[in-house]
Amino acid sequence: MSDADDLMKGASKLFGKLGGALRQAGGQVKDTAKQVTGIGRGDVKLEITQPKTTPGGTLAGKVVLVLPEPIDAKRLVVTLRARQKVMTVSNSGGTKSVGTSHADVYQFDRELSGAQKYTSGEHAFSTGPIEWEVIGKLEIAWGRDLTRSVDIVVTR
């Protein structure tokens, strides 16, 4: 009977190790799925103190991270982006169609924090005053570029 007992003990150890390995692999799959899909990772909220500002004004607010557990990330960034609505009209075989899309015309990234382990919390930011200008540039290979700029005011 000792052979049967030894066989059962050996099988029990094998299945115990196998179960531990499967639990570890399952945890890795779960973590990878969170990273790839973003589901269950947490949430980011953006709170702007004053969403309307005048030309030359300052934008301020905070990014609120709501994370169930600390997350290693490359950086925390706030982006100011200007978009333009583009309309297209086509006439094909007497049928007229109108379409719209958006084109990014300006984007500025402000890094709030670099690579680190992020936890839930608030990260304040302020950017401004925003000054706009149009720049004309003649880019010259192997020489100094020729440039001129004119300040502009953006109003509604």
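The values are calculated or read from the model by the stated rules, or taken from the named source; none is laboratory data. Computed from a predicted model, the values in this text were never measured in an experiment. Cβ coordinates were reconstructed from backbone atoms using ideal geometry, including for glycine residues, and neighbour counts include every protein chain displayed. Heads up: the accessible areas ignore ligands, DNA and RNA and are worked out on the full protein's heavy atoms, side chains in. Shrake-Rupley method; radii C 1.70, N 1.55, O 1.52, S 1.80 Å.
Looking at Ile140, Ile130, which one is at pLDDT below 80, farther than 22 Å from Pro51 by Cα, outside any strand (DSSP E or B) and out of contact with any helix residue (DSSP H, G or I) (no Cβ under 8 Å at 6 or more places or on another chain)? Steps first, answer last, please.
Working: Ile130 fails: farther than 22 Å from Pro51 by Cα.
Just one listed residue meets the conditions, Ile140.
You will find that of Gly136, Gly128, Gly114, the residue that is open to solvent by less than 100 Å² (accessible area, probe 1.4 Å) and on the phi > 0 side of the Ramachandran plot is Gly128 and no other. Would you please name the residue that is farthest from Ala60 (Cα to Cα), looking only at residues in the range 80-98 that are surrounded by 10 or more Cβ atoms within 10 Å (Cβ to Cβ) and without any contact (Cβ under 8 Å) to a residue 24 or more places away in the chain? The extreme case among them is Val86.
Suppose the filter is modelled with pLDDT of 85 or more, farther than 30 Å from Asp151 by Cα and not small (Gly, Ala, Ser); does Arg41 pass it? Don't jump to the end; show me each part of the working.
On the way: modelled with pLDDT of 85 or more: no; farther than 30 Å from Asp151 by Cα: yes; not small (Gly, Ala, Ser): yes.
So Arg41 does not fit the description; no.
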